[in-house]
Amino acid sequence: MVSQIEQSRACTADAECATIAVATRCFDMCTRTIAVSRKSAVQAALADADTSCADFLAAGCHAVIPPCLPPPNATCVQGKCTQ
């Protein structure tokens, strides 16, 4: 998941960036900033990751949800979407 997000950060202007929640039933990474054009691809990867949670949940495990701060504005810095 981290590599999918890293590959989805390219930008040339602040308007190209958005902040999304990055969580499934078995992990929570709060929010990350990605390129708007890659939002569907990242959400699809999250959905795929969520289907992999079945074994995790069947084993009686639970996701640890971190305390997440409100995300700052998404900006484009040196060609990468950043929080």
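Would you mind telling me which numbered condition in (1) assigned to a loop (DSSP other than H, G, I, E, B); (2) touching an Asp or Glu at 6+ places or on another chain (Cβ under 8 Å) H62 fails?
Of the numbered conditions (1) assigned to a loop (DSSP other than H, G, I, E, B); (2) touching an Asp or Glu at 6+ places or on another chain (Cβ under 8 Å), the odd one out for H62 is (2).
Tell me yes or no: at least one residue of segment 16-29 is of a type in the set (D, E, K, R), out of contact with any Ser or Thr (no Cβ under 8 Å at 6 or more places or on another chain), in contact (Cβ under 8 Å) with a residue 12 or more places away in the chain and part of a loop (DSSP other than H, G, I, E, B).
The answer is yes, given that some residue of segment 16-29 is of a type in the set (D, E, K, R), out of contact with any Ser or Thr (no Cβ under 8 Å at 6 or more places or on another chain), in contact (Cβ under 8 Å) with a residue 12 or more places away in the chain and part of a loop (DSSP other than H, G, I, E, B).
Inside segment 1-18, can you point out the residues that are under 17 Å from P66 (Cβ atoms) and crowded, with 19+ Cβ neighbours inside 10 Å?
I5
If L46 satisfies all but one of (1) at pLDDT 90 or above; (2) more than 16 Å from the chain's Cα centre (by Cα); (3) not hydroxyl-bearing (S, T, Y), what's the number of the condition it fails?
(2)
Can you tell me which residue within segment 28-38, out of those that are surrounded by fewer than 17 Cβ atoms within 10 Å (Cβ to Cβ) and of a type outside the set (D, E), is farthest from I65 (Cα to Cα)? Let's see the steps before the verdict.
Step one: list which residues in segment 28-38 are surrounded by fewer than 17 Cβ atoms within 10 Å (Cβ to Cβ), which gives 28-30, 36-37.
Restricting the remaining residues to those that are of a type outside the set (D, E) gives 29-30, 36-37.
Numbers: M29: 8, C30: 8, V36: 25, S37: 27 Å.
Ranking the candidates gives S37 first.
If a residue has to be more than 16 Å from the chain's Cα centre (by Cα) and either in a strand (DSSP E or B) or modelled with pLDDT under 90 (or both) to count, how many in segment 65-83 make the cut?
Pass one, segment 65-83, residues more than 16 Å from the chain's Cα centre (by Cα): 76-79.
If we keep only those that are either in a strand (DSSP E or B) or modelled with pLDDT under 90 (or both) as well, we get 76-77.
Of the residues in that region, 2 qualify.
Residues of segment 39-59 being in a loop (DSSP other than H, G, I, E, B) and surrounded by 11 or more Cβ atoms within 10 Å (Cβ to Cβ), which ones?
Filtering segment 39-59 for residues in a loop (DSSP other than H, G, I, E, B) gives 52, 59.
Within segment 39-59, just S52 meets the criteria.
Restricting to segment 50-83, name every residue that is more than 13 Å from D14 (Cα to Cα), touching a strand residue (DSSP E or B) at 6+ places or on another chain (Cβ under 7 Å) and among the aliphatic types (A, V, I, L, M). Steps first, answer last, please.
Start the filter on segment 50-83 by keeping residues that are more than 13 Å from D14 (Cα to Cα), which leaves 50-71.
Then drop every residue that is not touching a strand residue (DSSP E or B) at 6+ places or on another chain (Cβ under 7 Å), which leaves 63, 65-66, 68, 71.
Across segment 50-83, the qualifying residues are A63, I65.
The values are calculated or read from the model by the stated rules, or taken from the named source; none is laboratory data. From a predicted model like this one, the values you see are computed outputs, not experimental measurements. All Cβ positions, even for glycine, are placed from backbone atoms using ideal geometry, and neighbour counts span all protein chains on display.
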